[in-house]
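Chemist: I have a structure here, written as structure tokens, and I will follow up with some questions on it.
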Amino acid sequence: IKGSLPPHGAEQFDEATPQGRKQRSTFFNYFVFCLSFGALIAVTFVVWVEDNKGWQWGFGISTFAIFLSIPIFLSGSSFYRNKIPCGSPLTTISKVLIAALVNSGVSRNSTSAIVSMTSSPSPPIPTGKEGGEDSNRKGVESIHTPSTSLSFLNRAVSDTPACSALECSVQQVEEVKIVMKILPIFACTIMLNCCLAQLSTFSVQQAASMNTKVGSLKVPPASLPVFPVVFIMILAPVYDHFIIPFARRVTKTEMGISHLQRIGIGLFLSIVAMAIAALVEIKRKGVVTDSGLIDSAKPLPITFFWIAFQYLFLGSADLFVLAGLLEFCFSEAPVSMRSLATSLSWASLAIGYYLSSVIVSIVNRVTGISTNKPWLAGSNLNHYHLERFYWLMCILSALNFMHYLFWAKKYKYTSVKSSK
């Protein structure tokens with residue numbers, strides 16, 4: 001659902017007009033808003049039901065919500081613009097890469113291949129419901145030679161390919177180049193998701209050791225993600241209706257804040273978030289020491305609202321990076337590869353969460369060898385050196401941000417409209 005819905009929704013807008021592109025940007029903002037709204041229900045109402053009525057009721061509510069979404073989605077079928085499937089982009093990417101490798105050992109004049117093709121990676125979406133024939137008729141221009149960037153892929157274009165199955169057009173090579181240029185930007189967002197993994201692990205453990213009462217109400221630790229969720233729901237409309245219009249007036253550009261700038265802001269906020277997380281943990285451990293509860297399971301005399309600060313900054317970072325990356329991948333990727341490109345956002349999430357576990361394991365192994373006491377091991381969080389781990393994540397996030405700046409400065413938008 002998450003891989004298919006963003007490109008499907010974005011394709012409903014006419015990207016040939018400034019108004020259509022602005023509406024598409026708004027769609028991505030409110031797509032993240034809707035994800036957060038669903039998460040808000042999950043971490044409040046559903047968690048309350050599970051804690052008070054049983055887990056079977058929580059699963060039942062989730063199942064009912066999924067079934068309810070199907071007729072709602074189908075009710076708009078008569079209005080949707082549908083892109084006709086034209087094969088898997090993975091097939092094209094694999095073919096170009098294999099052809100380039102096979103042809104690399106043979107001296108060929110690849111620039112003599114003349115192919116008439118669509119020059120723009122993102123031609124306008126037709127106004128009709130079906131995007132097949134119209135897409136092929138619009139924006140067509142002849143390109144005779146591949147571009148000079150990533151020139152090793154140009155070997156895939158040959159008058160005499162090794163076999164007919166590996167025959168590649170200039171268009172296919174250029175489309176694969178675009179995807180290859182997107183990959184470094186995608187890779188730089190993985191570190192943010194490593195930080196986000198802490199929201200559902202160590203941050204929850206921190207809050208569980210603190211006073212979670214709000215008046216007479218005791219907040220379940222599983223409901224703590226309500227902080228970033230609510231903040232995203234507030235920030236998304238503010239960003240779309242106030243920040244972006246103001247940025248457009250200041251910069252006198254259509255976008256106001258470019259996709260890469262938006263991702264960069266999110267990555268910078270993740271550095272701040274991890275620094276705040278380290279400082280909050282230092283304060284929490286100070287309370288542990290002062291109250292003499294280092295080996296006690298009693299709640300500490302400090303409110304869990306201190307944890308909210310790191311949640312808010314990471315939630316803001318997630319909004320900027322996720323919405324920015326979705327729109328960046330959609331607008332930059334070739335039409336035939338948009339679903340694949342936008343799915344990179346969720347691949348980044350999966351890799352980031354997995355990498356977080358790997359980092360924890362490495363930290364425990366290294367610190368266990370050097371001090372005989374791993375930073376993040378044991379049954380009592382008060383004996384952890386969690387603040388050191390958060391400082392480490394802060395440093396890694398800062399290095400990742402500098403790495404991102406390197407690639408962001410080198411990147412050239414494939415569409416002139418995207419760079420305005």
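The values are calculated or read from the model by the stated rules, or taken from the named source; none is laboratory data. Predicted, not measured: the structure shown is a model, and the values here were computed from it. Here Cβ is always computed from backbone atoms with ideal geometry, including for glycine, and neighbour counts include all displayed protein chains. Heads up: the accessible areas ignore ligands, DNA and RNA and are worked out on the full protein's heavy atoms, side chains in. Shrake-Rupley method; radii C 1.70, N 1.55, O 1.52, S 1.80 Å.
Chemist: Sequence-distant or interchain residues sharing an amide H contact under 5 Å with Ile302, placed H: which?
Modeler: Under 5 Å from the amide H of Ile302 lie the amide H atoms of Asn211, each far enough along the sequence or on another chain.
Chemist: Which three extents, in angstrom, do the Cα atoms of the stretch 247-290 have along their principal axes, listed largest first?
Modeler: 55, 17, 7
Chemist: Round to a whole number: what % of the accessible area of the stretch 190-277 belongs to carbon and sulfur, probe 1.4 Å?
Modeler: Exposed carbon and sulfur together represent 73 percent of the surface.
Chemist: Now for a separate question. Counting other Cβ atoms within 10 Å, keep those with at most 10, restrict to DSSP loop, and tell me which trypsin sites (Lys or Arg not before Pro) in the stretch 205-261 are left.
Modeler: Filter output for the stretch 205-261: Lys252.
Chemist: How big is Rg to Rh over the stretch 289-385, alpha-carbon atoms, Rh as the Kirkwood inverse-mean-distance radius?
Modeler: 1.16
Chemist: With n ≥ 4 as the cut-off for DSSP H runs, can you work out [θ] at 222 nm for the chain, using -39500 (n - 2.57) per run divided by the number of residues, rounded to the nearest 500?
Modeler: After summing the helix terms and dividing by the residues of the chain, the value is -19500 deg cm²/dmol.
Chemist: Quote the charge dipole size of the chain about the Cα centre in Debye, to the nearest 20; the model charges only the Cβ of Lys and Arg (+1) and of Asp and Glu (-1). Can you show the working numbers first?
Modeler: Values: 34 positive and 22 negative charges, 127 e Å.
Roughly 620 debye, rounded to the nearest 20.
Chemist: In Å, what Rg and Dmax follow from the Cα atoms of the chain?
Modeler: Over the chain's Cα set, Rg and Dmax evaluate to 24.8, 79 Å.
Chemist: With contacts defined as alpha carbon pairs under 8 Å and 6 or more residues apart, what's the relative contact order of the chain in percent?
Modeler: Numbers: 555 pairs, mean separation 91.5, N = 420.
Reported as a whole number, the value is 22 percent.
Chemist: Could I ask something else about it? Using +1 at the Cβ of each Lys and Arg and -1 at the Cβ of each Asp and Glu in the stretch 251-382, identify which of Ile294, Ala350, Thr367 lies farthest towards the dipole's positive end.
Modeler: Ile294
Chemist: So which trypsin sites (Lys or Arg not before Pro) in the stretch 14-76 end up in coil per DSSP with only 13 or fewer other C-beta atoms within 10 Å? Don't skip to the end; give the middle numbers.
Modeler: Numbers: sites: Arg21, Lys22, Arg24, Lys53; in loops: none.
Listed in order of number, the matching sites amount to none.
Chemist: Would you mind getting the accessible area per residue of the stretch 306-420, heavy atoms of the protein chains only, 1.4 Å probe, in Å²? Don't skip to the answer; put the middle values down first.
Modeler: Values: 5220 Å² over 115 residues.
Using a 1.4 Å probe on heavy atoms only, each residue of the stretch 306-420 averages 45 Å².
Chemist: Here's another thing I want to ask about it. Report the local net charge at Phe59: Lys and Arg +1, Asp and Glu -1, summed over other residues whose C-beta lies under 12 Å from its C-beta.
Modeler: On the way: positive: Lys53; negative: Glu50.
Here the charged neighbours net out to 0.
Chemist: May I ask for the longest run of the chain untouched by chymotrypsin sites (Phe, Trp or Tyr not before Pro) that are loop-located per DSSP and have at most 14 neighbouring C-beta atoms (other than their own) within 10 Å?
Modeler: 81-420
Chemist: Net charge within 15 Å of Tyr390 by Cβ-Cβ distance, Lys/Arg positive one each and Asp/Glu negative one each, not counting Tyr390 itself? Don't jump to the answer; show the numbers that get you there.
Modeler: Working: positive: Lys283, Arg284, Lys285, Arg388; negative: Glu281, Glu387.
After counting each charged neighbour, the total is +2.
Chemist: Now a separate question. Could you please report the charge total around Arg248, scoring K, R as +1 and D, E as -1 over all other residues with beta-carbon less than 10 angstrom from its beta-carbon? Present the calculation step by step, with values, prior to reporting the outcome.
Modeler: Values: positive: Lys22, Arg249, Lys252; negative: Glu254.
Overall, the nearby charge balance is +2.
Chemist: Please turn the phi angles of the stretch 55-70 into ³J(HN,Hα) values with the Karplus equation 6.51 cos²θ - 1.76 cosθ + 1.60 (θ = phi - 60°), one per residue in order, whole Hz, x for glycine and proline.
Modeler: In residue order, the calculated couplings are 5, 4, 6, x, 5, x, 4, 5, 5, 4, 5, 5, 5, 5, 5, 5 Hz.
Chemist: Too long at a 29 Å Cα-Cα cut-off: which of Lys2/Lys218; Lys2/Lys83; Lys53/Lys285; Lys213/Lys373? Present the calculation step by step, with values, prior to reporting the outcome.
Modeler: Working: Lys2/Lys218 33 Å; Lys2/Lys83 17 Å; Lys53/Lys285 35 Å; Lys213/Lys373 33 Å.
Correct reply: Lys2/Lys218; Lys53/Lys285; Lys213/Lys373.
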